[in-house]
Amino acid sequence: MLGQTVGGRYQILTQLGGGGFSTTFIAQDIQRPGNPQCVVKHFKPISTDPYTLQEAKRLFHLEAATLEKLGKHDQIPQLLAHFAENEEFYLVQELITGHDLSQELPPLKQPLTEAEVIKLLKDILEVLAFVHQQNVIHRDIKPANIRRRDTDGKIVLIDFGAVKQISVQKTNIQGQTSMTVAIGTPGYMPSEQANQVPKLSSDIYAVGIIGIQALTDTNFSNFGIQGLPIHPKTGEIDWHNQAKVSPKLASVLDKMVRYDFRQRYQTADEALQAIQKLLPKSPPWKIWIGVGFIAAMIPVVLLLFQAITPKENLLSYENANAGVKIKYPQGWERQDIQNILTQELVTFLSPPENDVDKFQEKLTINVGDFPGTLDESKDVFIKEIQNTVSEANIVNTSTATLANKRANQLVFTGKNGENRLKHLQIWTLQNDQAYVITYTAAIDDYDKFLPIAEKMIQSFQIE
């Protein structure tokens, strides 16, 4: 297919991979300026009889709709197009430049430290939690399907196995369907999935296997039951003597890879909560810069913060009606807004640095009705940003803590007149109310004033 154009616009450049009934290519979109590259996945149904083709078409459109929904997450490729030609099916997705996780793990690399494994599991499970919240099973989690993105170093979950069902399912004249092979990869696929009855916890098994792989020197070319011994009494994978691991992490991984799916964590969110308990306790003055915590910068940042805003110069703001409190630097201007339409309570403005300071950094508190869940709110907030902020670009999404409650956090950029701005937005929910704090600064000044904004956010309380 190299050199061919499919869908009237996607010119195939090179083959990425393939096997069985599907092939993946890198292509260029010849109808867009600059001919940007993308990924084209080509599926051939196992049979071309009318019954199988009809069912394949139904599955194809259903799975495309699922990928469209999942692609809203920053760490899942966006679906760009889907179409059928000559009774074969094509998906076009965003190209993620980077490398897959197999290049970071044994046997190609040395085993990771326990701290590195815990962070890796956390990063994978945070994305998988979004997938499971949509009631979607990935079905083919393995290092080759987890990419480390070049632009920000974040992991991206690719190649959802459910789509492969299009290629390997056959339908008879009575409309009954059967799978010709199980979807998944041996070694990372638990028994129930091999028996073609995957569960959400089947994905948890695969993530647990990756965690064990990261800790051990085992050759993973035939990993799984073939790669590590099975304990004669328990029937579980016997891996502890292959790695340097604490009892707490070993216990979590053991539960993730239980043979009986009912004994595992049932969703990625459950497994994530267990992993988060293993993270080192952070001091209340921790500072997040960009995509991660830079431990070496803490003493420097603390000294800078103390120089700019000494503890004794912090003032208190309280709004009894909204039930909120926060501390802010004495030199910052306070503007009480009480805007019913925008739900803004108050804005704090940094003092101008000089006569030509074009934008005063600010921190705004909004409190308004939100009857949904915290997980549901993420999509709502992102959509609102995309609809209201000029040239909006979501840089980072993550979970956080606000007023000792679980919270969501977004970092995004945009344009306001001539100013290019960067924003940190963090929010939590209580009693159908959303409590939102937004820090805004010129892009060049964002990191400079972030420690002050973080200190203010840390002091925020909900009565």
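Restricting attention to region 58-89, which trypsin sites (Lys or Arg not before Pro) occupy a DSSP loop and are surrounded by at most 16 other Cβ atoms within 10 Å?
Sites meeting the loop and neighbour criteria: K72.
For K415, which aspartates and glutamates qualify as cross-link partners when the Cα separation must be under 19 Å and same-chain residues fewer than eight apart are set aside?
D357, E361, E384, E391, D444, D445, D447
Which FRET efficiency value, to the nearest 0.05, is calculated for A320 and D379 with the Förster distance at 30 angstrom and r the Cβ-Cβ distance?
So, using R0 = 30 Å, E works out to roughly 0.40.
Could you sort out which of K44/K119; K142/K244; K41/K422; K327/K378; K72/K122; K327/K448 sit more than 30 Å apart by Cα distance in this structure?
As for pairs spanning more than 30 Å Cα to Cα, those are K44/K119; K41/K422.
Amide H neighbours of A81 under 5 Å, at least 5 residues apart or on other chains, H built in the peptide plane: list them.
V92
List, in order, the whole-Hz ³J(HN,Hα) value for each residue of region 445-454 obtained from phi through the Karplus relation with A = 6.51, B = -1.76, C = 1.60 and θ = phi - 60°; use x for Gly and Pro.
Karplus-based 3J(HN,Hα) across region 445-454 equals 9, 4, 5, 5, 9, 4, x, 5, 4, 4 Hz.
Cβ neighbours within 10 Å, averaged per peptide: list 1-13, 437-449 in order, most packed at the top.
By packing density, highest mean first, the sequence is 437-449, 1-13.
Taken together, the values in this text are just the output of simple stated rules run on the coordinates, not laboratory data. Since the structure is predicted, the reported quantities are computational estimates derived from the model, not experimental observations. Counting neighbours? That spans all protein chains shown, and the Cβs are built from the backbone with ideal geometry, glycine included.
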